[in-house]
Amino acid sequence: MNQASDGPLEREVLVDVEPVFRDDESSHEESRYVFSYTVTIHNHSARSVQLLARHWRITQGSGKVQEVRGKGVVGQQPMIGPGQTFRYTSRAILDGPVGVMEGSYTCVDTASQRPFEVTIAPFRLAGPNQIH
């Protein structure tokens, strides 16, 4: 494996997402489908990084697309040291039982102050009895 200074941090900071349908908070009658999702950010580099901002693209089953941008995640701009992970849980509310989320994080290499983008691969949000 290359040392972090030789390879792009974009490939050494990885994101895993685990979505969960929240039946107890959802209402079919109100077209309100609540999902929580737990994100784990893995820093496989030899450098410390800080997550500065987020960008989510939420595509609902109806085709409606919502863009969400903001500073940090869950009110934090976490520092993630070499070999460390950062985990948080957030939520999305859709108007139908299926959707797809994808996005990116804007991070910075704390040593060089070089910003970089970490891609969040698309993941499916699906309520009960939906085809996966």
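The values are calculated or read from the model by the stated rules, or taken from the named source; none is laboratory data. Computed from a predicted structure; not experimentally measured. Using ideal geometry, Cβ is built from the backbone for each residue, glycine included, and neighbour counts are taken over all protein chains shown. When the accessible area is computed, the model is the full protein with side chains, heavy atoms only, and any ligands, DNA or RNA have been set aside. Shrake-Rupley method; radii C 1.70, N 1.55, O 1.52, S 1.80 Å.
On inspection, Val34 passes the criterion of being under 20 Å from Asn129 (Cβ atoms), part of a strand (DSSP E or B) and open to solvent by less than 30 Å² (accessible area, probe 1.4 Å). Filtering segment 93-121 to residues that are under 11 Å from Gln50 (Cα atoms) and open to solvent by 60 Å² or more (accessible area, probe 1.4 Å) leaves Ala111, Gln113, Arg114, Pro115. Among the residues of segment 59-87, those identified as free of Cβ contacts under 8 Å to residues at least 60 places away in the same chain, closer than 20 Å to Glu10 by Cα and surrounded by 13 or more Cβ atoms within 10 Å (Cβ to Cβ) are Gly72, Val73, Gln77, Pro78, Met79, Gly81, Gln84, Thr85, Phe86.
Being crowded, with 17+ Cβ neighbours inside 10 Å and out of contact with any strand residue (DSSP E or B) (no Cβ under 6 Å at 6 or more places or on another chain) is true of Glu12.
Every test in (1) closer than 19 Å to Ile120 by Cβ; (2) out of contact with any Ser or Thr (no Cβ under 8 Å at 6 or more places or on another chain); (3) surrounded by fewer than 18 Cβ atoms within 10 Å (Cβ to Cβ) is passed by Val20 save one, and that test is (2). Reported count of residues in segment 37-82, each being closer than 24 Å to Ala111 by Cα and among the basic types (Lys, Arg), is 3. Taking the criterion of being touching a residue at least 40 places away in the same chain (Cβ under 8 Å), surrounded by fewer than 19 Cβ atoms within 10 Å (Cβ to Cβ) and assigned to a loop (DSSP other than H, G, I, E, B), the only residue of segment 122-132 that qualifies is Pro128. Do we find a residue being in contact (Cβ under 8 Å) with a residue 40 or more places away in the chain, in a strand (DSSP E or B) and among the acidic types (Asp, Glu) anywhere in segment 89-100? For segment 89-100, residues in contact (Cβ under 8 Å) with a residue 40 or more places away in the chain, in a strand (DSSP E or B) and among the acidic types (Asp, Glu): absent.
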